[in-house]
1. Can you give me the long-range amide H partners of GLY156? Hydrogens built in the peptide plane at 1.01 Å from N, cutoff under 5 Å, separation of 5 or more residues or another chain.
2. Taking the alpha-carbon distance from LYS184 and a cut-off under 15 Å, which aspartates and glutamates remain once sequence neighbours fewer than 8 residues away in the same chain are dropped?
3. Angle, helix 14-65 long axis vs. longest principal axis of the chain, Cα atoms, 0 to 90°, nearest 10?
4. Which ³J(HN,Hα) values in Hz, rounded to whole numbers, follow from the phi angles of segment 99-108 under the Karplus curve 6.51 cos²θ - 1.76 cosθ + 1.60, where θ = phi - 60° and Gly and Pro get x?
5. Taking the Cα centre of the chain as the origin and placing charges on Cβ (Lys, Arg +1; Asp, Glu -1), which of LEU18, ASN255, TRP309 is farthest toward the positive end of the dipole?
6. Between ARG221 and THR261, what length in nm is gained on full extension when 0.36 nm per residue of separation is reduced by their alpha carbon distance?
7. Per 0.36 nm of contour for each residue apart, how much would the distance between LEU123 and ALA95 grow if the chain were fully extended, relative to their Cα-Cα spacing?
8. Restricting to DSSP loop positions (anything but H, G, I, E, B) with no more than 14 other Cβ atoms inside 10 Å of their own Cβ, which GluC sites (Glu not before Pro) remain in segment 56-149?
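No lab work stands behind these numbers, since they all come straight from the coordinates. Nothing here was measured: the structure is a model prediction, and the numbers come from that model. We place every Cβ from the backbone using ideal geometry, glycine too, and count neighbours over all the protein chains shown.
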Amino acid sequence: MYLHYPRRRAAFTLIELLVVIAIIAILIALLVPAVQKVREAAARAQCVNNLKQWALGFHNYHDVNKKFPFGAQTSPLRLTFIPFLFPYIEQENLAKKFDYTKHFYLPPNVEFNAYTGVLANPLPLYYCPSDKPGELTLTSAPGYFRIRANYVVCWGNVTRTAPTPVPTTSMGIFGYDTADDSAKPRRTRIGDILDGTSNTLLMSEILMARDDPVLLSDPTRTDLWDNRGDITNDDHAGPGFMTINTPNSSVSDINPCINPTPPDPTMPCTRASTGRQMAARSRHAGGVNAARADGSVEFVSNNIGAATWSALGTMSGGEVPQQ
């Protein structure tokens, strides 16, 4: 009598294992783009919400003060719009700590070689999640630690350090009343926006510079300073963007800036002290989010016409932007 024992199945063969791995790899490859699209959609929605919060803050400020705050000034104190909006963006505690009788770079506003100053607080409202949130968002040149941010105000269809008076028809809501006189910042009332608040830009996005590792170890290397996103600093064009070039333009920004190694093609830069300008930029695919003076926020395509974009940047140019 013979006893029959069930045969044990052999383990996976190498070919079978490779087939399973290939199937898993294909599924992952199909899944990753979908996950990335969901993440970007969420980041873009958060960015829109941030801009809405800023726009609401500006309007609340205007309701109380009957005009918008200035974008930046050098005299009698070096300040930008940021601390003036603290009470209107639910940051009353920062407003209480900020000393409005001092320049932005003095204690307690900024603490030298310390991240404890009022302007070193990395509020979520400062950042678009698509621009590598949390990565080197503090500028340290030379040791005056403060935040960088992604949201800046519209300077208009102009450059900074313009050699001649700025034409009224080129002015944005923010900027200076004559040429580049930063001691005479513009304080715009809604009634001054002759093109209409729905046809005039209030804010948009830019990309923040990252601190160079060499600069972090040697703050005297002024050739490595990059002030893009330095929105609490009145210098250069830190708190503003211009509509001379369309969103995410391949034309270089002109500013105290650096081209990192390896170069970042999304942040082209020409280092110069005159004719300074910065384009609206983001890491969203195909365009930038922008807030208009009526408080609305929309996604603006990189393909928007140059004339339309320029017209949106001015508040009394008399244009009728083609949507």
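1. Correct list: GLY172, THR243.
2. Within the straight-line cut-off, LYS184 pairs with ASP234, ASP235.
3. 20
4. Karplus-based 3J(HN,Hα) across segment 99-108 equals 9, 6, 9, 10, 4, 4, 8, 9, x, x Hz.
5. So the residue we want is LEU18.
6. Gain on stretching ARG221 to THR261: 12.8 nm.
7. Details: separation 28, 0.36 × 28 = 10.08 nm, distance 1.34 nm.
Value of the extension gain: 8.7 nm.
8. Those satisfying the criteria are GLU90, GLU135.
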